[in-house]
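Okay, so here's the structure we're looking at.
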Amino acid sequence: MEPTQEQIKEFWEWCGLTEFQNPILGDESISAKPSVPYIEPPNIDLNNLFKYAVPNTITMSLERTYGAHGDPFYIAKVGTEIRVTNSDPALALFWALWQVKEESNDV
């Protein structure tokens, strides 16, 4: 299934990309979130997904806890497991990342 233009725009904005705003024409936008301006949204391909989207999905936690004898040990958690199948690997990755984006909005 192909994403809509609105989903593509929303997705790339979640990744930190924004449409180019021309201050000379009166289009001024100030954002607290650092962004990368674009004229046309990037193609949904593996290169762009790994460049802009995958870094947003990497979550890691390191938790210190103690064993039965008081010995400290650490529990490291990296990422989440989401499975999406599609005949196009870029679209499979896009929809998996879309799920991560949607879940992060629910928090």
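The values are calculated or read from the model by the stated rules, or taken from the named source; none is laboratory data. No experiment lies behind these values; they were computed from the predicted model shown. Ideal geometry is used to build each Cβ from the backbone, glycine not excepted, and the neighbour counts take in all protein chains shown.
Computed quantities for the displayed model
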{"read-out": "Scan of segment 1-32 for residues that are modelled with pLDDT under 80 and either among the aromatic types (Phe, Trp, Tyr) or part of a helix (DSSP H, G or I) (or both), ordered by number", "value": "Phe20, Pro23, Ile24, Leu25"}
{"read-out": "Leading residue by the ranking (surrounded by the most Cβ atoms within 10 Å (Cβ to Cβ)) among those in segment 33-80 that are within 24 Å of Thr4 (Cβ to Cβ) and modelled with pLDDT under 70", "value": "Ser35"}
{"read-out": "Qualifying residues in segment 81-107 (those that are hydrophobic (A, V, I, L, M, F, W, C) and over 12 Å from Phe11 (Cα atoms)) - the one modelled with the lowest pLDDT", "value": "Val107"}
